[in-house]
Each structure stands twice: as structure tokens, then as C-alpha cells.
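Since the structure comes first, as C-alpha cells, the remarks are kept for the end.
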Amino acid sequence: MIIDCHGHYTTAPQQLADWRDRQVAAIGDPTNAPDPTELVISDDELRESIETNQLRVMDERGSDLTVFSPRASFMAHHVGDVDVSSTWARICNDLCHRVATLFPRRFAMGAMLPQSPGVDPTTVLPELRRAVEELGAVVVNLNPDPSGGHWDSPPLTDRSWYPVYETLVELEVPAMVHVSTSCNPAFHTTGAHYLNADTTAFMQLVQGDLFADFPTLRLVIPHGGGAAPYHWGRFRGLADMLGKPDPEELLRNVFFDTCVYHQPGIDLLTDVIPSESVLFASEMIGAVRGIDPRTGHHFDDTKRYVDATPNLTDAEREAVYESNVRRVYPRLDALLASQGR
């Protein structure tokens, strides 16, 4: 079975973006804020948005199931206040739940959290619990920079995040460390901000001692771990200078996905990072949607790269595609088991 652990609802019907535009336009003028009930999207419209896009590509490339969360750039936690984010998160999570309900053998739900700059992280807990316990989310996206590129939040190892981690551990749900849109013109959203955040999050974990307090917490760092695998020697050297354990010890709790869009990148990832810490993912119909003129294949067809890398045995490749994801996402494993898979 081939499980893509990193997908976003980038093809939602236009009504969603239109409703969001109205919500943003009404910030500071709550009397004109749109009611969530005014967003009407039929099941047929949801089916069409999936069948002609993600599901079609999954079938073409041979993946069986995608973990599907709200569009990352749409999370936009820097927009408005915590009430705006809470309403928006609920709407987006409900849509992903509906997709997973319409296609129960092809999609499993991931959730966004209603984060907001400068707001106590405990405010996300009600929606986190609702998404997991009522909607069936198997993972949540955790934004280490709700400011949108200004980085004014404490590091992920700060105790202010601990109530979120306690809840994740209780619910047996991992978090994918995933930022949203950059509102800082110095950082392109997908080309700089995403990869900066992946690298920054890993360095924060190197500097801290988070997993001494949360030995069963699981964090997924997407986009191949940012610069971490490429600069593994730098991180090992810095850890040594700081008197911290070898970064490889973090890989009991930290996992990198395969959203790396060329063969040499996947080859390096699978050479440097132990296979048990690598999870298959593509983020397809996401940040990079074009065809590589050098190969004639889509950049985000990551299965092609994983199939071709010489750094995985057949057993390791199978684990990257399925068993590693099921181990890191226990609620997904339970869901699949309930379906006889």
C-alpha cells in the first residue's frame, strides 16, 4: 500500500475562497462578517473537485491513500484575530472531513489549528479535540510562525507549547510542522518561508530537550526536512558544540517526508536519514505543479524518485511507503485496520 502523508485541499471549489475574501474584508467590522452557513458547497461539487484533480493524479501515479488537510497557504494565521482563525479553521476542517467521508478508502483527514500571533497556544485545544475526536483527523498541522514570516513566537521547545503537545500525546496524533503564507516580502512563501521553517524547527529541536518531556510525541518536518539532511554535518557539529546529543537521536520522534522534487534530493535524503525516519509524501497539486523539462515528468511525482533511489532496499522502500506512516500516525493505522487494510 502506498500512503501519501502530505496532501492539501488546494482544489477546493471557488465558493471557499469567495467566503474567505468576505471574511477578511469584514475584519474590524464584525457586523458585516459572513455567516459560515452562507458557504454552500454540495457533495457533487466536492466530488468533482477531487475526482478531476487529486484522485486522478493518485490513480495515474499509483498511490492508494492521501492524508488530506486544509490548504497550507490558506491557513494564514496572521490574518485577523483568534476568532477569525477559529471560524476559518472550523470551516476548512469540516470540508476536509467531508472529502474523507466521500472517499473513505482514498483520503484520511488532517486538520489545521486556529492559531493567531501572540495568542496563548491553549486556544487551539478545543478545535484540535473536535478535529480528532469528532471529525477523525489523524494529524494536525502546527505552525511554528503564526506571524507569517516575522518569527515572533517562542521556539517549539518553549513551555508555552506544552499544552498542545500534552493533548497530541493524549490523543495519539502527530503534528506536521507546517507554516502558512508569508506576509514578509523578504520570504517567498513556498520557495523560502516553508523551507526556512523546516530548517528552523529542526534547529530548535537540536537546541532544546523537548522529547525528554514528551518521549512519545511525534513531529513530521515536511519538504524533506528543509536543509537539515543536506547540512547534516553542520547540525551534528553544532549539537556537539552546544553539548547536545547527536541529532540522529531526534529521529526517534522526528520524521522527514519525501516532498523533494528531484532525484538527487531524494537520493541524498535516503542516504543521510535512516529509512525508518522517512515518510512517503508528494504534496501533489501543491507548491510545484509543472513538468520538469529535463525528464518530462511532473516535479512532484515523488514516487518515481523513491522507486529509483539505490539507497533503499525493497523492504525499506515498502516501509517508507506504508509501515512507517502507519507507525507514526496510529489513528491512521487504526482507520485502515477497521477497513480491513
accessible surface per residue for the range 157-243, probe 1.4 Å, DNA/RNA/ligands not counted, whole Å² -> 42
With all protein chains present, the chain has a carbon and sulfur share of its accessible area (1.4 Å probe) in percent of 51
About its Cα centre, the range 120-222 carries a charge dipole, from +1 on Lys and Arg Cβ atoms and -1 on Asp and Glu Cβ atoms, whose size in debye to the nearest 20 is 220
Whole-Hz Karplus couplings 3J(HN,Hα) for the range 312-327, θ = phi - 60° and coefficients 6.51, -1.76, 1.60, Gly and Pro as x, run 10, 6, 4, 5, 5, 5, 4, 5, 4, 6, 9, 5, 4, 5, 5, 6
For the range 81-135, the per residue accessible area (1.4 Å probe, Å²) is 37
One finds, for Tyr162 and Val40 with R0 = 41 angstrom and r their Cβ-Cβ distance, a FRET efficiency to the nearest 0.05 of 0.55
Calc'd 3J(HN,Hα), the range 33-38, phi into Karplus 6.51 cos²θ - 1.76 cosθ + 1.60 (θ = phi - 60°), Hz, glycine/Pro = x, comes to 5, x, 7, x, 5, 6
Sorting Val260, Val119, Val124 on solvent-accessible surface, 1.4 Å probe, most exposed first, gives Val119, Val260, Val124
For Glu133 the rounded accessible area (nearest 10 Å², probe 1.4 Å, non-protein molecules ignored) is 110
Rounded to whole angstrom, the alpha-carbon centroid of the range 160-198 lies from that of the range 31-52 at a distance of 26
Counting sequence-distant residues (5 or more places) and residues on other chains, those with an amide H built under 5 Å from that of His8 are Ser69
In Å, the C-alpha Rg and Dmax of the range 19-124 are 15.5, 48
Stretched fully, the stretch from Arg47 through His297 gains (0.36 nm per residue minus C-alpha distance, one decimal, in nm) 87.4 nm
Residue-ordered couplings for the range 90-96, obtained by feeding phi - 60° into the Karplus form 6.51 cos²θ - 1.76 cosθ + 1.60 and rounding to whole Hz (Gly and Pro as x), are 4, 5, 5, 5, 4, 5, 5
Non-local residues with an amide H under 5 Å from the amide H of Met109, with H modelled 1.01 Å from N and Pro and chain starts lacking one, are Phe68, Val138
Cα gyration tensor of the range 147-196 diagonalised, 5x eigenvalues square-rooted, in angstrom largest first, produces semi-axes 26, 13, 7
Measure of exposure for Arg105: accessible area at 1.4 Å probe, Å² rounded to 10, is 120
Comparing Val278, Val164, Val325 in a Gaussian network model of the chain (Cα, 10 Å), the one with the largest mean-square fluctuation is Val164
Ranking Lys303, Lys244 from most to least accessible area with a 1.4 Å probe gives Lys244, Lys303
In deg cm²/dmol, rounded to the nearest 500, the helical mean residue ellipticity at 222 nm of the chain, built from -39500 (n - 2.57) for every DSSP H run of length 4 or more, is -11000 deg cm²/dmol
Under a Gaussian network model of the chain whose springs join Cα atoms within less than 10 Å, the largest fluctuation of Gln15, Gln54, Gln207 belongs to Gln15
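The values are calculated or read from the model by the stated rules, or taken from the named source; none is laboratory data. Just so it is clear, the model here is predicted, and its values are computed rather than measured. Note that we place each Cβ from the backbone using ideal geometry, even for glycine, and neighbour counts take in every protein chain shown. Only protein heavy atoms, including side chains, enter the accessible area calculation; ligands, DNA and RNA are left aside. Shrake-Rupley method; radii C 1.70, N 1.55, O 1.52, S 1.80 Å.
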